[in-house]
Amino acid sequence: MTDAPDPKQFFGERFPAQLNRVLAEQEQSVAAAQRTLDGMRAVDATIRFVVHGAGTFYVNVAGGRSSASDAPAHPPFLSIALERADYEPLFREAGDNVLGFLGGISGMGAPVKLTQTRVRQIGEVGGTLLFELTGEAGFRLLARLGDGDPAPPADTSIRVDTEAYRELRAGRLEPQEAFLAGKIAVEGDMQKAMQLALAVLSPD
């Protein structure tokens, strides 16, 4: 056990210094949260969802606030297309956080926050990604990153088994570990898959 310092030195130096460290850590945490909030409030963008057999839906974001619309306010930075039969499985896995598959394949372990930087970086990846959750309750979707229609052929295909996907989304499994174990299969342009992961995982 470490010997206790002299009371004069402890109460005169160490204890005040410890309180100042806690204050500094809290200030840094608040500053980081403020940067994230500022980044979210700076978003003016559109996401497009194409559910074949149900329609096309737009979510417009203005000043960080989202609303549904029949028309895009901006060229979509992200478009997602899926068959009607894949909607229920997607909802069962993602719930209200329909963009959860992005965080899931990246091992984010948290909902994706739409910040100005993240929106820009996802759009800059470009190309089309096929995401497939394999297994009995699986689903498939096409994600167009940047301008353009979400239509085949995909530049990159990512297939993940259901159990691994849930572990990734919960942050209990690292994407590299899952890839090496064969739980994530990537075909096509590997660079785009890496760019997407980096865009999603970029600092808020």
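Here are some notes:
- Qualifying residues in the range 169-199 (those that are in contact with a Gly (Cβ under 6 Å, 6 or more places away or on another chain) and under 18 Å from residue 141 (Cα atoms)) - the one surrounded by the fewest Cβ atoms within 10 Å (Cβ to Cβ): 192
- All of (1) farther than 30 Å from residue 139 by Cβ; (2) assigned to a helix (DSSP H, G or I) hold for residue 4 with one exception: (2).
- In the range 54-92, residue nearest to residue 166 (Cα to Cα) [restricted to those that are in contact with a strand residue (DSSP E or B) (Cβ under 7 Å, 6 or more places away or on another chain), touching a residue at least 40 places away in the same chain (Cβ under 8 Å) and among the charged types (D, E, K, R)]: 86
- Which listed residue, of 102, 133, is in a strand (DSSP E or B) and under 17 Å from residue 193 (Cβ atoms): 133
- Some residue of the range 32-40 being loosely packed, with under 12 Cβ neighbours inside 10 Å, part of a helix (DSSP H, G or I) and not assigned by TED's automatic domain parsing to the domain that holds residue 112: yes
Every residue, every condition in (1) buried (at least 18 other Cβ atoms within 10 Å of the Cβ); (2) farther than 18 Å from residue 149 by Cα; (3) assigned by TED's automatic domain parsing to the domain that holds residue 48; (4) modelled with pLDDT of 90 or more, yes or no:
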position	(1), (2), (3), (4)
63	no, yes, yes, yes
66	no, yes, yes, yes
83	no, no, yes, yes
88	no, yes, yes, yes
102	yes, yes, yes, no
128	yes, no, yes, yes
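- Here is the figure for the range 52-80: residues that are out of contact with any Asp or Glu (no Cβ under 8 Å at 6 or more places or on another chain), assigned to a strand (DSSP E or B) and closer than 29 Å to residue 138 by Cα total 11.
- Scanning the range 167-197 for residues that are touching a residue at least 24 places away in the same chain (Cβ under 8 Å) and of a type in the set (D, E, K, R) yields 169, 172, 174, 187, 189, 192.
- Among the conditions (1) touching a Lys or Arg at 6+ places or on another chain (Cβ under 6 Å); (2) touching a residue at least 60 places away in the same chain (Cβ under 8 Å), the only one that residue 164 does not satisfy is (2).
- Search result, residues across the range 136-183 that are of a type outside the set (Gly, Ala, Ser), outside any strand (DSSP E or B) and under 19 Å from residue 78 (Cβ atoms): 147, 149, 150, 152, 153, 155, 169
The values are calculated or read from the model by the stated rules, or taken from the named source; none is laboratory data. The shown structure was predicted, so the numbers you read here are calculated from the model rather than taken from an experiment. Counting neighbours? That spans all protein chains shown, and the Cβs are built from the backbone with ideal geometry, glycine included.
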